[in-house]
Amino acid sequence: MVTVVVGTQWGDEGKGKIIDTLASKHDIVARYQGGANAGHTVVHNNQKFVFHLIPSGILHQHVISVLGNGVVIDPASFFQELTELESKGIQVTGRLFIAENAHLTLPYHKILDQIEDRKRGKEKIGTTGRGIGTTYTDKYGRIGVRVVDFLNADIFYQKIQVALELKNYLLQEYYKEATISAEKIVDEYSKFRNKFKELAIDVSAYINEAINSGKKVLAEGAQGTFLDIDFGTYPFVTASNPISGGVCIGLGIGPKKISRIIGVAKAYTTRVGMGPFPTELEDELNEKLRTAGNEFGATTGRPRRCGWFDAVIVKYAAQLNGLDEIIITKLDVLSGLKKIKIGVRYIYNNQYIEKYPLDTNIFENVKVEYEELDGWDENLNSISSYSELPQQAKKYIDRIEELIGVKISEISVGSSREQIIKR
Ligand code: GDP
Ligand code: IMO
Ligand code: MG
């Protein structure tokens, strides 16, 4: 049985916290796409963990964590994370695996990602600079380097040389930047090889076997639906498929193995990086939400842009991902607002649009029609049952549920494991 957790907005919905909560009832937690661009926060026993590549279920000692073939793995970032985790007393030996056929993010991917985004000037995407787009580009260009290639030092060297031929030409002639030495990478990365040999497996075979023997798998999405390379606000997107459809490809399992799909939605909306954001707030309220929700990137530290809940996009996400249920996070952050708005439909060229438009040129120029609800003053952090929620907070949840047409099953009211309410 496979349960999928996906972000329904532009990432940072609180997936890390939800995965950590659900992991107690699962045997395996698996990342299926993205790379170290993700920043998934888990707060446990007053300790904060931010996961970039390692799945957010790792804090549970019974859980096996895997990185599927769809993930792009930066060995340097992976080892840094592993070391930090072990230094905090979390033992991972024997319960962390990576897919042999996953692609590697290497130093040139990170350098080129940053140079390319700078070069875009006004049109920049605002990538995380973690080499995500450039790694997936090489994967599809058939000049990528896979985990299996890395395990053999000679093949690794050959593959990097091929990849660097054109890149170094571009760096020197077009970007006027320093070139990159294959020998240096081979030298620096050899220290990671033995550990990779220990961790590399056929993840597809492993997970399928686990499912067949009755194990429960949790597929952890990174990023969010509107950062999806196909369905997001292209070109202001990431380079993978965070949507639930990405799970089959990124783990090597058949669609019939998936039995439950959970969407995570923040009680308002945030976005980090560039790109359209119809319900984005003006300065003062934007700032207020950012402060109340501590909305700063878990990976880059950049301030997140904040806005009202957009029911149009989340409704689209529900359909696109085939959501069975939605978990709302950070409801506590909205306490103290006199009025709370929900974006219910768009207006473009004086006409109503009820559905998220795939044309980014339209999406960039829509106006939003809002519904306004009364806010509440009560602090929600220590509420543990639905009935204790203020009436206005319940009305807000009811209205969102009605607008998106999917059951809201749980509500998160704080960053720690315990702060979650069943509906
Ligand atoms: P992810 O990328 O989807 O895992 O989300 P991030 O970890 O990037 O950002 C979510 C932030 O909100 C983290 O700092 C979490 O600790 C925090 N968080 C998660 N759920 C809640 C909640 O219900 N209330 C509050 N106040 N914070 C939360
Ligand atoms: P989690 O998993 C929020 C954004 C970047 C940028 C765009 C492309 O923590 O929700 P990339 O480096 O992927 O090429 O950048 O995508 N982005 C995220 N925004 N949360 C994330 O991950 C993100 N990962 C990438 O800010 O706009
Ligand atoms: Mg994040």
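Only the coordinates and a few stated rules stand behind these numbers; no lab work does. In this text, all values refer to a predicted model and were calculated from it rather than measured experimentally. FYI the Cβ positions are ideal-geometry reconstructions off the backbone, even for glycines, and counts take in every protein chain you see.
Using only Cα atoms, locate the centre of segment 203-263 and the centre of segment 1-31, then give the distance between them in Å, rounded to an integer.
Taking the Cα centre of each part, segment 203-263 and segment 1-31 sit 11 Å apart.
Could you give the alpha-carbon Rg of the chain over 2.2 N^0.38 Å, rounded to two decimals?
Values: Rg = 21.5 Å, N = 423, 2.2 N^0.38 = 21.9 Å.
Ratio of Rg to 2.2 N^0.38 Å for the chain: 0.98.
Would you mind checking LYS288/LYS338; LYS266/LYS407; LYS25/LYS216; LYS15/LYS355 for any pair whose Cα atoms are more than 18 angstrom apart?
Pairs exceeding the cut-off: LYS15/LYS355.
In nanometres, what is the gap between the two model label sites at GLN391 and VAL186, each 7 Å from Cα along Cα-to-Cβ?
7.4 nm
State whether segment 1-73 is rounded, prolate or oblate according to the following rule on the C-alpha gyration tensor (a ≥ b ≥ c being the square roots of its eigenvalues): a/c under 1.5 gives rounded; otherwise a/b larger than b/c gives prolate, and the remaining case gives oblate.
Rounded, since a/c falls under 1.5.
Using only the Cα atoms of segment 154-303, build the gyration tensor, take square roots of its eigenvalues as a ≥ b ≥ c, and label the shape rounded, prolate or oblate: rounded if a/c is under 1.5, else prolate if a/b is larger than b/c, else oblate.
Because a/c hits 1.5 or more and a/b fails to exceed b/c, segment 154-303 counts as oblate.
Taking the highest mean first, how do the peptides 276-284, 256-264 order by number of other beta carbon atoms within 10 angstrom per residue?
Highest to lowest by the protection proxy: 256-264, 276-284.
What is the Cα centroid distance between segment 398-423 and segment 138-191, reported in whole angstrom?
46 Å
Starting from the Cα of THR179, move 7 Å in the Cα-to-Cβ direction to define the label point; list residues of segment 86-119 whose amide nitrogen is under 17 Å from there.
Backbone N within reach: 108-109, 112.
Rounded to whole Å, give me the distance from the Cα center of segment 281-307 to that of segment 56-133.
24 Å
Using only the Cα atoms of segment 319-423, build the gyration tensor, take square roots of its eigenvalues as a ≥ b ≥ c, and label the shape rounded, prolate or oblate: rounded if a/c is under 1.5, else prolate if a/b is larger than b/c, else oblate.
prolate
Could you check the simple spin-label distance between ASN381 and LYS197, using points 7 Å along Cα→Cβ, in nm with one decimal?
Simple spin-label model gives 5.0 nm for this pair.
Mind checking which of ILE132, ILE98, ILE347 has the largest fluctuation in a GNM of the chain, springs on alpha carbons under 10 Å?
Answer for the Gaussian network model of the chain: ILE347.
Which residues in segment 179-197 place their backbone N less than 15 Å from a point set 7 Å from the Cα of THR93 along the Cα-to-Cβ direction?
Label zone hits: 195.
Relative contact order, percent, of segment 103-193 when contacts are C-alpha pairs under 8 Å separated by at least 6 residues? If you can, show how the numbers build up before the last one.
Working: 85 pairs, mean separation 22.5, N = 91.
Once normalised by length, the contact order is 25 percent.
Under a crude label model (7 Å from the Cα following the beta-carbon direction), how far is GLN319 from ALA205 in nanometres?
The two pseudo-label positions are separated by 4.2 nm.
How much length is gained if the chain between ASN349 and HIS44 is pulled fully straight, taking 0.36 nm per residue apart and subtracting their Cα-Cα distance, in nm to one decimal?
Values: separation 305, 0.36 × 305 = 109.80 nm, distance 4.87 nm.
Length gained, ASN349 through HIS44: 104.9 nm.
For segment 64-166, just the Cα atoms, rotate onto the principal axes and tell me the three extents in Å, largest first.
44, 33, 19
Sequence gap at least 6, Cα distance under 8 Å: using those rules, report the relative contact order of the chain to the nearest whole percent.
20 percent
Helix-derived [θ] at 222 nm for the chain: sum -39500 (n - 2.57) over DSSP H runs of at least 4, divide by residue count, nearest 500?
Working: 14 runs with 136 residues, N = 423.
That calculation yields -9500 deg cm²/dmol at 222 nm.
Listed highest first by mean packing, meaning other Cβ atoms within 10 Å per residue, what order do 156-168, 189-201, 239-251 come in?
Descending packing order for the listed peptides: 239-251, 156-168, 189-201.
5 Å is the cut-off here: which amide hydrogens, built 1.01 Å from N in the peptide plane, fall below it relative to GLU325, excluding neighbours closer than 5 in sequence?
Those qualifying (amide H under 5 Å, at least 5 residues apart or on another chain) are ILE261, GLY263.
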